[in-house]
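The values are calculated or read from the model by the stated rules, or taken from the named source; none is laboratory data. For clarity, every value in this text was computed on a predicted model and none was experimentally measured. Neighbour counts are summed over all protein chains in view; Cβ atoms, including those assigned to glycine, are modelled from backbone coordinates with ideal geometry.
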Amino acid sequence: MTLARLANYLPSWKNAFLAVLAGVLLILAFPDFDLCFLAWFATVPLLFAIVREKESPHRSCLLGWIFGVI
């Protein structure tokens, strides 16, 4: 698989950052951090990134995987 072909399956770095941000916000909503109000807004960056990658379901799936791994 060539690098150019692999790039077709990878999301942009901005959308990957939004997925990581959503994961971090969800972590901060856990009881140890006592920022439970963030749970209502934690997935907004992820949803925004998925909408921006709407032409490729592979990229959207990878964004969800990044969010879940964080």
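Some notes on this structure:
- Number of residues in the stretch 27-45 that are at pLDDT 95 or above and surrounded by 15 or more Cβ atoms within 10 Å (Cβ to Cβ) equals 1.
- Output for the stretch 49-59, where each listed residue is assigned to a helix (DSSP H, G or I) and touching a residue at least 12 places away in the same chain (Cβ under 8 Å): Ala49, Ile50, Arg52, His58, Arg59
- Filter result for the condition that a residue is among the aliphatic types (A, V, I, L, M), part of a helix (DSSP H, G or I) and closer than 19 Å to Pro57 by Cβ, over Leu46, Leu25: Leu46
- Condition met for Phe37 (in a helix (DSSP H, G or I) and in contact (Cβ under 8 Å) with a residue 24 or more places away in the chain): no
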